[in-house]
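All remarks here apply to the structure that follows.
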Amino acid sequence: MVSLSTLDYSIIIAFFAITIIIGLIVSRKSGKSSSEYFLSGRTMPWWLLGISMVATTFSTDTPNLVTDIVRKNGVSGNWVWWAFLITGLLTVFVYAKLWRRSNVNTDIEFYELRYGGKPAKFLRGFRAIYLGVVFNIMAMAAVTLAAIKIGQIMLGLSPLETIAWAGLVTVIFSTIGGFKGVVYTDFILFFAAMAGGIGAAYYCVNLPEVGGMEGLLTHKEVLDKIHILPDLDNTELVVTLLVIPLAVQWWSAWYPGAEPGGGGYIAQRMLAAKNENHAIGATFFFNALHYALRPWPWILVALSSLIVFPDIASIQEAFPHIVESKLGDDLAYSAMLTKLPSGLLGLVMASLVAAYMSTISTHLNWGSSYVVFDFYSRYINRDASQKRLVNVGRISTVLLMLISASLALVLTNALQLFNIILMFGAGTGLIFILRWFWWRINAWSEIAAMVSSGIISLLFNFTPLGGLAFGFENEAGRFTEGILPSWSTYPVVVLFTTIIWVSVTFLTKPEDEKTLRSFYKKTQPGGPGWKKVINSAKAEGKDIDNDEKWSVPSGILATLVGCFVIYALLFGTGYWIYGNYTYAIIASVLVIFGSIVLIKLWLKIKSNIL
């Protein structure tokens with residue numbers, strides 16, 4: 001436990017005050033209508049939305065998660081989430097404009113735009129609760145769990161005390177300020193979070209026991225952990241950390257903030273943009289910062305922690321008051337922060353408070369938007385006034401916070417929840433990609449994918465069937481191999497889920513022509529997957545196609561080039577930090593060259609939009 005100085009407390013209190021003030025300032029306008037409360041009247045610029053996306057995905061559990069990954073699997077272990085860049089850039093260059101054109105209030109409302117009848121109605125209501133409440137609560141619980149661990153290690157607070165202090169302020173400004181309050185505070189919280197993260201990394205690397213970058217990179221505990229790519233001679237490691245994430249995971253999994261085809265709070269921000277170009281600019285800006293630059297301060301702290309706290313036992317010895325159920329490698333990040341001096345400690349604590357508030361406030365506003373638009377006003381009170389909808393949004397915001405905080409009290413570590421969420425979304429991602437461009441996908445396709453993915457994940461992860469197939473740890477603590485290699489768990493879930501939803505697609509009737517034509521006319525997705533619908537409409541003298549040139553091929557090419565640029569930036573940043581200047585210069589040159597090509601492709605795509 002550390003002792004905060006007057007300066008530290010002043011910095012932290014200042015950030016609390018700023019967020020409350022912003023919430024109060026915008027509360028009057030935000031409460032005018034549900035559109036203002038949840039989308040800020042669709043007038044947001046790209047740079048503000050982009051920063052908001054970055055701030056939202058930097059939560060208190062993110063550095064803990066990265067630390068857990070680095071301590072277990074090294075820097076290369078981060079490919080389990082770095083691979084999501086591909087779907088992120090597909091959202092930028094293919095899906096952002098489609099979401100903005102749809103003009104829906106939430107991405108869940110999309111279901112009754114794309115599908116029709118009772119299945120679409122059921123799907124919209126169920127997904128509103130499934131994602132907006134159940135999955136949303138799980139995500140917020142992971143963030144709150146990280147806050148609990150930080151509070152225990154750094155301030156000696158009990159879990160309930162941390163939840164009471166951190167949650168109260170967040171709920172207040174989220175409830176009164178709505179989406180505009182969230183986005184405006186994100187702008188301030190982003191810079192505070194980045195300053196704190198970079199400051200912490202610099203100080204931790206230069207601790208006497210670490211010995212600066214040279215001492216860090218040559219230490220025996222760190223030497224085999226610093227590589228950006230996994231050991232290519234270790235087949236299982238390469239398959240687990242690189243092949244599966246890049247070949248399967250990015251398109252097949254649903255995960256908050258990295259949904260194939262866009263969705264969740266990323267979609268919410270695209271829907272709030274001024275126009276299509278602002279939606280595209282915001283999502284690209286977010287992906288560049290999120291994947292290439294922001295992880296490195298956390299990685300440096302994680303590597304340093306391997307020297308100061310080489311195992312969990314050393315963490316427990318240094319912090320004996322920690323509840324045993326909360327012990328894990330992810331605690332090492334908070335443990336390292338206790339080494340910081342006055343002033344910097346206050347800034348880092350403020351940055352963690354900022355990260356927590358930014359993420360939780362977004363999830364609260366996003367989740368309550370589902371409750372209001374896709375459940376309450378759709379199924380309970382279709383004639384509700386705007387004032388009542390805003391009030392329902394505020395009440396649901398408070399309830400979501402209370403339930404997620406309760407769940408956080410029984411969880412152990414962030415990686416545990418990350419894997420659970422990832423597995424439950426396995427196999428559903430391909431539908432989210434194809435439903436815009438293939439008319440044959442219907443509501444039953446999504447229902448089948450959602451249900452089968454959950455059931456199969458439960459069978460393989462929490463029943464003897466999983467142990468039989470992939471192996472398990474017996475009572476003696478020894479791993480018993482199964483029929484299939486352990487790394488194949490995720491691909492097997494994806495395979496079975498995909499077979500089921502594709503089969504259901506062809507075994508059930510397609511959506512009716514009226515629904516398909518209406519969707520196409522509004523969003524203009526284009527492509528050969530809609531030729532049947534377009535030709536059928538033309539045969540009846542109804543032209544639903546505006547003859548806009550199909551930009552998806554250019555979008556896919558831009559995605560590949562964008563991945564090249566951002567991954568080169570990721571490697572280049574790492575090599576500059578490591579002092580490997582030859583590779584750093586090569587990577588930097590590749591970034592410049594790739595950026596020139598990407599700008600030309602972007603201008604080509606933009607000309608098709610205007």
Given (1) of a type outside the set (S, T, N, Q); (2) closer than 30 Å to residue 513 by Cβ; (3) without any contact (Cβ under 8 Å) to a residue 24 or more places away in the chain, residue 584 misses just (2)
Take residue 169 and tell me if it is buried (at least 24 other Cβ atoms within 10 Å of the Cβ) and either farther than 19 Å from residue 339 by Cα or polar (S, T, N, Q) (or both).
no
Determine, yes or no, whether residue 407 is modelled with pLDDT under 85, farther than 30 Å from residue 89 by Cβ and in a helix (DSSP H, G or I).
yes
Take residue 270 and tell me if it is modelled with pLDDT under 85 and part of a helix (DSSP H, G or I).
yes
With the requirement that a residue be modelled with pLDDT of 75 or more and either crowded, with 22+ Cβ neighbours inside 10 Å or in a helix (DSSP H, G or I) (or both), what does the stretch 151-164 give you?
151, 152, 159, 160, 161, 162, 163, 164
Sole residue being over 27 Å from the mean Cα position of the chain (by Cα) and surrounded by 15 or more Cβ atoms within 10 Å (Cβ to Cβ), chosen from 558, 568, 587, 537:
537
Residues that are closer than 14 Å to residue 520 by Cβ and either of a type in the set (S, T, N, Q) or not in a helix (DSSP H, G or I) (or both), drawn from the stretch 90-109:
102
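Residues are listed down the side, and each one gets a yes or a no for (1) over 24 Å from residue 168 (Cβ atoms); (2) at pLDDT 85 or above:
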residue: 360; (1), (2): no, no
residue: 390; (1), (2): no, no
residue: 403; (1), (2): no, yes
residue: 416; (1), (2): yes, no
Pairs needed: first member in the stretch 212-233, outside any loop (DSSP other than H, G, I, E, B); second member anywhere, surrounded by 13 or more Cβ atoms within 10 Å (Cβ to Cβ) and not aliphatic (A, V, I, L, M); C-beta distance under 9 Å; at least 6 residues apart or different chains.
212/206; 213/206; 213/578; 216/304; 217/578; 218/211
When residues of the stretch 45-64 are limited to those that are aliphatic (A, V, I, L, M) and surrounded by fewer than 24 Cβ atoms within 10 Å (Cβ to Cβ), the one modelled with the lowest pLDDT
54
Regarding the stretch 166-180, can at least one residue be identified that is modelled with pLDDT under 85, assigned to a helix (DSSP H, G or I) and more than 23 Å from residue 399 (Cα to Cα)?
no
Tally time: how many residues in the stretch 520-551 are small (Gly, Ala, Ser), within 14 Å of residue 438 (Cα to Cα) and part of a loop (DSSP other than H, G, I, E, B)?
2
Only one of 220, 274 is within 28 Å of residue 136 (Cβ to Cβ), surrounded by fewer than 23 Cβ atoms within 10 Å (Cβ to Cβ), out of contact with any helix residue (DSSP H, G or I) (no Cβ under 6 Å at 6 or more places or on another chain) and not hydroxyl-bearing (Ser, Thr, Tyr). Can you tell me which?
274
Those residues of the stretch 393-405 that are surrounded by fewer than 21 Cβ atoms within 10 Å (Cβ to Cβ) and without any contact (Cβ under 8 Å) to a residue 60 or more places away in the chain come to a total of 3
Failed criterion for residue 379 (all others in (1) in contact (Cβ under 8 Å) with a residue 60 or more places away in the chain; (2) under 16 Å from residue 148 (Cα atoms) hold)
(2)
Quick one: is residue 121 farther than 23 Å from residue 375 by Cα and either free of Cβ contacts under 8 Å to residues at least 60 places away in the same chain or part of a helix (DSSP H, G or I) (or both)?
no
Looking at this structure, is residue 303 buried (at least 24 other Cβ atoms within 10 Å of the Cβ), hydrophobic (A, V, I, L, M, F, W, C) and over 15 Å from the mean Cα position of the chain (by Cα)?
yes
Only residues that are in contact (Cβ under 8 Å) with a residue 40 or more places away in the chain and of a type in the set (S, T, N, Q): list them for the stretch 519-537, please.
523, 524
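The values are calculated or read from the model by the stated rules, or taken from the named source; none is laboratory data. Predicted model, so just to flag it, every value in this text is computed and none were measured. Here Cβ is always computed from backbone atoms with ideal geometry, including for glycine, and neighbour counts include all displayed protein chains.
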